[in-house]
1. Which stretch or stretches of the stretch 127-155 have amide N atoms under 16 Å from the point lying 7 Å from Ser93's Cα along the Cα→Cβ direction?
2. Could you pull out every one of the lysines with an alpha carbon less than 17 Å from that of Lys221, ignoring same-chain neighbours closer than 8 positions?
3. Among rounded, prolate and oblate, which fits the stretch 147-281 when a ≥ b ≥ c are the square roots of the eigenvalues of its C-alpha gyration tensor, a/c under 1.5 means rounded, and a/b larger than b/c means prolate?
4. Arrange the residues Glu183, Glu283, Glu196 by how much accessible surface each exposes, largest first, with a 1.4 angstrom probe.
Amino acid sequence: GSQFIVVIGVGSIATVLLTHAVRQRTQFFQHLSLLPAIYLGMLAAVALVDSDPLAGLLREGAVVAANPLLSAALALFLLPHAEAAFGRCSDISLREFQDLNRPLLRRLMMGAPGTYHHSILVGALAESAAVVSGANPVLARVIGMYHDIGKMAKPEYFPENIGIGVRNPHDKLAPSMTRLILESHIRDGVALAREERLPRQVIEGIREHHGISVMGAAWRKARKQDPAARQEEYRYPGPRPSRRESALVLLANEVEQAARGLKNPTPSRIKGLVHRVVQDNLESWNLDDSGLSLSDIARVRDSFVPILAAAFRGRVQSDRGSDDANLRENPFRRGTDSRGRR
């Protein structure tokens, strides 16, 4: 009995250590072929200590060698049922949602192409940040890819989908109406995610990807029209990010939007912009519930810069680019005609 516990215990520990960071199918099969060798080695060591007969060793060896293979097959069969029962989603299941050919992502690409490309980059930024901060890179990337699916309901009202020469529709709207449209993309995204049966963690990330940030463009316009306007009325309803991955998507979303509006996106300017965006979220307590430490946030901040610099390198600049100090304040400056008029 004690020998059995030792062999199974050591084998189980080895299984956990080998498979917790599997990223590719080839790694899975490599580890699966290595585990029988570990079990056999432990069994041989126990047999030598107890001087067991060779026949018994061979019989037990066949059993322990088959155990990892049968366990893996059983686990793959039971995994979807266990995830449904406990409301959890493994990395294996999350990876299925990264497939760009999934119908929901194809709908996003066709209906809101600007939002689609923005979401792919946000997913890459969040994944990179997750690697350096100890979060789940797969979950961060999937949340980033789906965080703006609610924009498909009204794609023409979001700056990344407003073409050059097209009049900005927000110019004709009252600030309160702009606020309602911006809020609605979160509600629409959550509803669509539930309809498409996205994992619970991804739905939470969609709901939290703005936290309680200020809707800069609507707030500035409202303040010009009415100096007594209250900033609290122009904040996203939240909640604030409740997990690391949601917070990373929030930061990735804001730095990508800000960097896209830079007139001259050099690495130094991008670095300064990223620092300001992160600092703004720290000072507004938007990251307080995320579980990220200050050292984590510093590493996340540094991880964004090379990706953004590579993404926007060589981009043709217009003469009327917005300066980086106002990027988060007014994201709707994109729709202008050839003479710079809205």
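The values are calculated or read from the model by the stated rules, or taken from the named source; none is laboratory data. This structure is a prediction, so every number in the text was calculated from the model and none was measured. Don't worry about glycine lacking a Cβ; one is built from the backbone with ideal geometry, like all the others, and counts go over all protein chains shown. All accessible areas refer to the heavy atoms of the entire protein, side chains included, with ligands and DNA or RNA removed. Shrake-Rupley method; radii C 1.70, N 1.55, O 1.52, S 1.80 Å.
1. In the stretch 127-155, the label zone of Ser93 (backbone N under 16 Å from the point 7 Å along Cα→Cβ) covers 138-140, 142-143.
2. Filter leaves Lys172.
3. Working: a/c = 1.38, a/b = 1.12, b/c = 1.24.
Judged from the Cα gyration tensor, the stretch 147-281 comes out rounded (a/c under 1.5).
4. Numbers: Glu183 35, Glu283 115, Glu196 65 Å².
Per-residue accessible area, sorted high to low, gives Glu283, Glu196, Glu183.
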